[in-house]
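Every number in this text was worked out from the coordinates using simple rules, so none of it is lab data. The structure presented is a predicted model; accordingly, all values stated were derived computationally and were not measured. All Cβ positions, even for glycine, are placed from backbone atoms using ideal geometry, and neighbour counts span all protein chains on display.
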Amino acid sequence: MPYVEWAEAQLAEIELLTSMFPTVEELELTDQLAVAELRDFVEGSASAHSPPRPHRPQFLIKQRLGTANTAMTDVILSCAYPSEYPSVLPEITVRCAGLSRAQQTQLHTALNAHLVENCLGEVCVLSAVDWVKDNLQLFISRSLTAAPAPKKEAPPRTEEVFTRLWIYSHHIYNKTKRKNILEWSKELGLSGFSMPGKPGVVCVEGLQSTCEEFWSRVKVLTWKKIMIRHREDIPLDRQCKDSRTGESVESLRKFTGFEEAMFDPHGNRGNHMDLGQLYQFLSEKGCCDVFQIYFGIEGR
């Protein structure tokens, strides 16, 4: 059969399918250009003795199939025409969430065998749709029968951790940042303090998840330099196995609530903090060892 007759058969089938499945929810032409070129070829814009350009018509046929005993299932037949179709079979792939990969392979094998035996040399997309309608539930039933029941496994036990983050910034001047730090710590139930000015120091303590959430918000603000200088992580179940998490967290806090701490700004810019007063503040909270971690010197 010459190419023009194959092209005529293809175009006629597309027009039939379009009339049977008139909405895009039923039939979607995924390559409109290929269909237009096919029509031009049939109408004589190209030579009847040479194959059409390699843009092959492709489309999706969408169906919802089911029976009285099974739920409705979304099925999509993805179809593509080789230039020699219908002297050769079209490329048809069936996609269905109700089938495993192995069951889809078996379905494709059975569908191709049916088309070779009954439709070779004729347009056959509608025959393929009808065969899938008649046989899909059989393959779904096989899939459900063959699939072992999934084992219910206990979710992995998440270990609660108390965390204290010591954050260092080159400076904290911006009023909006200072407001965010205060509001976010309160929202997340964190205790600690922030020291605005230069350098900027922030300490937050509480459950690890909320401390990490606080850090994820703070670090994306615009900073000249900001980092976690030191962190403390204490598993709660080791600390207090017989107590509730809330009680364990409260027993580990070194700060009551969250405050903005100011230590007599001085210097030319009026923004430098008195580190001696900061050391005294940390000593009162039992955290003086972190001073050397921050600044590399022993406090006094």
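So who's got an amide H within less than 5 Å of the one on E26, skipping anything under 5 residues away but keeping other chains? H placed 1.01 Å off N, in plane.
Those qualifying (amide H under 5 Å, at least 5 residues apart or on another chain) number zero.
Could you check the simple spin-label distance between D74 and W223, using points 7 Å along Cα→Cβ, in nm with one decimal?
About 4.4 nm, to one decimal.
May I ask you to sort Y173, Y3, Y279 by Cβ crowding, counting other Cβ atoms within 10 Å and putting the fewest first?
Y173, Y3, Y279
Taking the Cβ of each residue in R64, R253, R95, R101 as the centre, tally the other Cβ atoms inside 10 Å and list the residues starting with the fewest.
By the 10 Å Cβ count, ascending: R101, R64, R95, R253.
Over segment 175-223, what is the relative contact order in percent, taking alpha-carbon pairs closer than 8 angstrom and at least six residues apart?
32
Would you pull out the residues with amide H under 5 Å of G200's amide H, same chain only if 5 or more places away, H placed 1.01 Å from N?
Under 5 Å from the amide H of G200 lie the amide H atoms of S169, H170, H171, I172, each far enough along the sequence or on another chain.
So who's got an amide H within less than 5 Å of the one on E260, skipping anything under 5 residues away but keeping other chains? H placed 1.01 Å off N, in plane.
Result for E260 returns S194.
Expressed as a rounded percentage, what relative contact order does segment 3-146 have, with Cα pairs under 8 Å and six or more residues apart?
Value for segment 3-146: 20 percent.
How long is the gain from T109 to S127 if the chain were fully straight, where each residue apart is worth 0.36 nm and the alpha carbon distance is subtracted?
That works out to 5.0 nm of additional length.
Taking every DSSP beta bridge with both residues inside segment 161-295, roughly what % is antiparallel (nearest 5)?
Around 85 percent of the beta bridges assigned by DSSP in segment 161-295 are antiparallel ones.
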